[in-house]
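See structure below.
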């Protein structure tokens, strides 16, 4: 009986997802036109061909009164009152229906719309918000205000669907934990998700070398270990996912391997376009991403904090990789991140040139007195077999790691 009910729920969810995609494809042009419509669920599933769109070319995000004077000035409220989203939401409590509906819009609602969105008389009628682009620009990234509003909407029981213009997939916003903001996951998988064990891969966006075979062997081994292990971070009640920065090079290969193995392939993507200094290489988003969230360049540090990796893996990389290494190192030292093993995959001589001189200088000057133990969290390995031996020892509580563990003068342990 339960399986029949589960299949019914999945089937109904699939119909809703298809209807949302179809409705959003009917958005009026041009692309900078701000549009909104409110559609009850029965209409969305049954007879709807095209929503009755309300539209304006006076985007809230581009309003000078909002960007210069703040959110709740008289001018800002006037701008909101002329906006299609406001018109739709104000009409909801007076609609002659008891059915919940879907707020469809081209842009995710601007933060100034939050008070009306979270009114009790509105929340009880809105089942979901469905949109094409973040609040700022058609090709922009989600701002901190966007992510804060998503958390508030999620807590109010409103689902959030994004028709990703890059992949053309319908994604649903899902929270992660109290320390980090959520991520958009495939809508057809979002309700099947368990708790996660998060593997993260760092490395150069310019080079990939021959890492694919190592990653396949490593992740296959971890999946096999999961079926036998009962560790709090690795067991059959948790789903293994892989996270990268979403770019080319090492990141693309890691996302591809994860996707091919049936793991959830995720990315935290930064928009690196800078009018004064355009960094071309990081622009390209790879094609192997299932779940994603995007950030503007100014939130680069905040984005890194949201990775929240259980098992970080480093390959050779440049300045970005150095930054990410420091985040993982400082996080373990301060307790902001759990004490778990970090893999450094590659030749020992490379990692010594990259890490050892800095670690030894810090030891000699006494600037890391009491924190030298952090070196026992990092493991230099040359192949998947060595990497899996580290994981095996960790998950079966045989690994000397943490404050009471040994100190390694290279800044890491060599296997």
Neighbour-count ranking [beta-carbon atoms within 10 angstrom, fewest first] of 380, 229: 229, 380
Sequence of 334, 197 once ranked by neighbouring C-beta atoms within 10 Å, starting from the fewest: 334, 197
Net lengthening on full extension, residue 415/residue 50 (0.36 nm per residue, minus Cα-Cα): 125.2 nm
Rg over Rh, two decimals, the stretch 195-414 (C-alpha only, Kirkwood Rh): 0.95
Contour excess over end-to-end distance, with Cα ends at residue 223 and residue 330 and 0.36 nm allotted per residue: 35.7 nm
Protection proxy ranking, peptides 104-116, 398-410, 335-347, average beta carbon neighbours within 10 Å, highest first: 104-116, 335-347, 398-410
Inter-site label distance for residue 100 and residue 31 at 7 Å from Cα along Cβ, in nm: 3.2 nm
Ranked list, fewest to most other Cβ atoms within 10 Å of each Cβ, for 310, 57, 322: 57, 322, 310
Spin-label model distance (nm) - residue 123 vs residue 352, 7 Å beyond Cα toward Cβ: 6.0 nm
Where a label projected 7 Å from the Cα of residue 239 along Cα→Cβ would reach, residues of the stretch 250-272 with amide N under 19 Å: 255-269
Theoretical gain in end-to-end length, residue 362 to residue 231 [0.36 nm per residue, Cα-Cα removed]: 43.7 nm
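Where a number appears in this text, it was derived from the coordinates with a stated rule and is not lab data. As the structure is a computational prediction, the values presented were derived from the model and not from experiment. Glycine gets a Cβ as well: all are built from the backbone with ideal geometry, and neighbour counts include every protein chain shown.
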